[in-house]
Every structure is written in C-alpha cells, then in structure tokens.
1. Can we say Gly208 is more than 17 Å from the chain's Cα centre (by Cα), within 14 Å of the ligand (Cβ to nearest atom) and on the phi < 0 side of the Ramachandran plot?
2. If we keep just the residues of region 219-230 that are outside any strand (DSSP E or B) and not charged (D, E, K, R), which is nearest to the ligand (Cβ to nearest atom)?
3. Report yes if Leu399 is of a type outside the set (Phe, Trp, Tyr), crowded, with 21+ Cβ neighbours inside 10 Å, away from the ligand (no atom under 14 Å from the Cβ) and farther than 20 Å from Leu228 by Cα, otherwise no.
4. Would a scan of region 192-206 turn up a residue that is touching a residue at least 60 places away in the same chain (Cβ under 8 Å) and surrounded by fewer than 22 Cβ atoms within 10 Å (Cβ to Cβ)?
5. Among Ala177, Ala187, Ala196, Ala233, which is the only one that is within 16 Å of the ligand (Cβ to nearest atom), assigned to a strand (DSSP E or B) and at pLDDT 95 or above?
6. Return the residues of region 211-232 that are within 18 Å of the chain's Cα centre (by Cα) and aliphatic (A, V, I, L, M); say none if nothing qualifies.
7. Please state which of the following conditions Gly157 fails to meet, knowing it meets all the rest: (1) of a type in the set (Gly, Ala, Ser); (2) within 26 Å of Ala98 (Cα to Cα); (3) within 18 Å of the chain's Cα centre (by Cα); (4) in a helix (DSSP H, G or I).
8. Would you please list the contacts, defined by Cβ atoms under 6 Å and residues six or more apart or on different chains, that run from a residue in region 7-22 that is farther than 17 Å from Lys75 by Cα to a residue that is surrounded by 11 or more Cβ atoms within 10 Å (Cβ to Cβ)?
Amino acid sequence: GNADYRDSGLVFPEGFTFGSATASYQVEGGAREDGRLPSIWDTFSGTPGRVWNGDTGDVACDHYHRWESDLDLMKDLGLDAYRFSIAWPRIVPAGTGAVNQAGIDFYSRLVDGLLERGIRPVATLYHWDLPQPLEDAGGWPVRATADAFERYAEIMGTALGDRIHTWTTLNEPWCSAYLGYGQGGHAPGRAEPASALAAVHHLNLAHGRAVQALRATSTGDPDYSVTLNFHVARGRGDQAAEAIRRVDALANRAFTGPMLRGEYPADLLQDTASVTDWSFVQEGDLEAIHQPIDVLGVNYYSTVTVRLWDGVSPRQVNDGHKATAGGTAWPGSDGVLEFLEQPGPYTEMGWNIAPEGLEELLLSLREQFPDQALMVTENGAAFADEVAEDGSVPDADRLDYLRRHFTAAHRAMQQGVDLRGYFVWSLLDNFEWGYGYAKRFGIVRVDFDTLERTVKQSGEWYARLAKTGTLPE
Ligand code: GBH
C-alpha cells in the first residue's frame, strides 16, 4: 500500500549513489598496531561498566587486516561508494606532534583498492575516536582540540586529497558533544552541561577550519561535506510547538546555524543561558565555521516525541540512551523537556520505525536550505538476526525497514529534494558503541568468533537495488 511506504519498482535517477558506511573504531580492530595509540573509545571501552559485556574495539571486524576481501565484498554488492572514517589516532597518535606514516599508508592502500574496484571513497575525518592525549588536555570543550583537528585535516588533505571523492569533516557532532560531554553514555563519559555546549562550538569550529584546510591541500576535485544526525521531533501537550522548537534548536540548528548561516540561533543562546554565556565564541569564529559545502550529510534512524514538563507529574525521560553518567543530552532543557515513549514498531535498539520522518526531514531541509544538495549518509536498523540451517541470514525485518526508508527518500525526491545518494548503515555488523557487539546493523553478518562474513538477505536485496537503480520486489 501507499501509506506504509512499502513500495517497489521505484526508479532512482541515473547517477544516484548507492553506498554503505562504517566507522574506524567500529570495524577496524588492530587497535595497537603500526603506531596507533589509544583514543577516548579505547579508554572508555576499557573502563568496567561503560560498554555492554565489557566489549571493546580491539579486534572488532578485523577490517584492518581483512580490508581487501571487504572491498571485494563491496564490489560484489555493486556499491557505487564506500563511506569510511579515518582513525585520527593512527595518523597523529598523540593528537599533536609526530605524524605516523604507517597510518597514512593504510588509508592510502584502502583508497587505491576502492578506486581499482570502481568504488568512490567517501572519507570522514572524525567518527568519534579522539586521540586520548587531546582529551587529557581538555577534549572538545577546549579550543586547542579544534587547532589540532585543523592540522590533522591538512595532513589528510595532503595525503589523500588527490583521490578522495567526498570529504566529510565530522560525523554527528551532536553525539560527540551531548552524549560524550553532557549525558556521558559515550566517550569520554563526562556529564557536564556547560562543557557539552563548549564542545558544540569547538566541533563547529573544527568543521569550518577543516573544510578550509582540506580545500587548501586537496589537489583533486573532491566534494566537501559534514554529516549531522537531525532530530525529527513530534510534540505533545498544549506547548507541543515550543517543545519541538527547543529540540530543533539544541540538536539541529546548533550546527546548521553556524555552518550554513554563519550564526548561532538566538533562541538557542536563550534556552542555554542558565548553563553558559557562550563566551568561548571568539571574534572571527562564525566566519571560519560558515564554509560552503557541496553536500550536507543526513543520518536518520527514527523520530523523538517531546512534551514540556508540567513541573508536577513524574518526569518521563526516554531518550534511547543509557544514562550511565547521570547527565543530560539536553543542556538547559533538563527539567523542561520530557522524552515520551513512542508508538512502535521498534528495532532492536528500541527506536521506533518511522519512514515518514525521513521524508519530512528531507523536505524540511530543502525548505530551510533550498540550494543545499543532500545525501543520506546513514540509515539502517539493528535486529536480532538468526542464521538459518542452510547458513543464510533471512533478515526480512531489516529488508522491510530499508525498503520503507528508500521509498520515503524517493518520495522526497519526487517533491523536488536534491538527494544525491544514500548510504546504508552498516556494511558489517560491528561494535555498536555502548552496546558493544549486542546490536547488529549490518547488511553483512559477522560471526564474531570466526570473523566470517555472510551477506544477509537484506544485503542481496540492496545489491539488486544498487545494480539496477530500481527498488526491488
Ligand atoms: C549513528 O549514531 C552512528 O553514526 C553510528 O556510528 C552508529 O553505529 C549508528 O548510528 C547506530 O547507532 O535515541 O531515541 O533519542 C546514531 C545515534 C540514534 C542518536 C538516534 C539519536 C535519536 C533517537 N543517534 N537517536 S533517541
């Protein structure tokens, strides 16, 4: 039917990019090899009680050693592009100082391997693995981290800027700032609302400085981008619109404001005034952050439902993240916003399945930023897959999730959204951050005992989509 987004036969335009995504700490392993030093995620996962089951990324999918066969797998799947991230602690292991050539060589071989197979490299500089020494010096709440990132960007632009198709500066700075420094469920596990907002600014600054550094050093003609995880909020109660506005300010416009308009939204500054005076924003910063980008990366998984707390009834908070450090991902809105239980169905993460939210998000971004090309850089779902007797992985629920979200994206495009491509999260089952190996997002199964890969039914389905450009039956 139409209403449930379960279409087939939809044709995507010629040149639409079908890709898949991973991130360094989630797949690589080889955590202590060839000069890599610890990142905040090595420290966090090595700290008892932080990650489910004490899981770490020490071995992960062993992609660091199996990258060639993984590239063959991508080629078999017919992927046009591969979105991966570069581990900063392989490149500048101490965050500042010595550059590690062995780390550069790994990604250089990876990029060449992609190009040999006709797969476009889409590289993210930062998917959450901050070199631990930079955290020891203060982390993202301090300005020096943005300085160090600018230098790292310059190093990578010089090393790979002749071959990268799309550069992405940051993945989901919302998570880095608010989960890492506000709520504490992600590394480095700090629960300090004011630090979270300082982190927001220094991540924004790092983005702008990195775009400039990449542009100055890349000798090819790459596209420049950043990936944000937008919150699509539904409101409840008689102040529903106000609740949505607050979420939108903190989660979305805190990043799109400076990056795409060159200013922090006035309502954001007001909402957070009890937490910080934003005096870490220096003269010239907004200009540095406001760099033209070729494509805006959009990560979408589900919606959130919010209400302004009435101050009386027991407060409900259901933001889908373990509050390990007892902090808040919503500085200035703690005790103001309530995150409510959402109608199902749900994925294994407990996130509600809402493909219409993706269509709405893409339409809303087109309305806010009419000339900005968009790319879905992550969408996917965790389910408890079972291996059938014949060894296949019949993950009909994941296939259905993907079909419905591709349908939603197609509908947005029919309404004029300039969507250039779509990357499924994830190519492989991998280290799902605080959930360790308990949650599987892959279109390819990884057996974490043998490290063997098996293409799931959703992977076969996605291969047909990538190869034909038509949403399969
Ligand atoms: C992404 O994070 C990451 O980029 C990727 O590394 C990760 O593996 C993948 O997604 C799967 O988690 O939590 O109820 O408030 C996504 C993190 C998920 C955070 C959705 C915000 C909003 C709904 N985001 N979440 S809720």
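The values are calculated or read from the model by the stated rules, or taken from the named source; none is laboratory data. Treat the numbers as computed from the prediction; the structure is a model and nothing was measured. FYI the Cβ positions are ideal-geometry reconstructions off the backbone, even for glycines, and counts take in every protein chain you see.
1. Working: more than 17 Å from the chain's Cα centre (by Cα): yes; within 14 Å of the ligand (Cβ to nearest atom): no; on the phi < 0 side of the Ramachandran plot: yes.
So Gly208 fails the test.
2. Initial filter on region 219-230 (outside any strand (DSSP E or B)): 219-222, 230.
Now narrow it down to the ones that are not charged (D, E, K, R): 219-220, 222, 230.
Details: Thr219: 29, Gly220: 26, Pro222: 21, Phe230: 9 Å.
For region 219-230, the residue satisfying everything is Phe230.
3. Working: of a type outside the set (Phe, Trp, Tyr): yes; crowded, with 21+ Cβ neighbours inside 10 Å: yes; away from the ligand (no atom under 14 Å from the Cβ): yes; farther than 20 Å from Leu228 by Cα: yes.
Criteria met by Leu399.
4. Here is the first cut: in region 192-206, the residues touching a residue at least 60 places away in the same chain (Cβ under 8 Å) are 192-194, 196-199, 201-206.
Pick out the ones that are also surrounded by fewer than 22 Cβ atoms within 10 Å (Cβ to Cβ) and you get 192, 194.
Checking region 192-206: at least one residue is touching a residue at least 60 places away in the same chain (Cβ under 8 Å) and surrounded by fewer than 22 Cβ atoms within 10 Å (Cβ to Cβ).
5. On the way: Ala177 fails: assigned to a strand (DSSP E or B); Ala187 fails: assigned to a strand (DSSP E or B); Ala196 fails: assigned to a strand (DSSP E or B).
Just one listed residue meets the conditions, Ala233.
6. Within region 211-232, Val211, Val226, Leu228, Val232 meet the criteria.
7. Among (1) of a type in the set (Gly, Ala, Ser); (2) within 26 Å of Ala98 (Cα to Cα); (3) within 18 Å of the chain's Cα centre (by Cα); (4) in a helix (DSSP H, G or I), the lone unmet condition for Gly157 is (3).
8. Asp7/Thr407; Ser8/Leu471; Leu10/His410; Leu10/Leu471; Val11/Thr470; Phe12/Gly469
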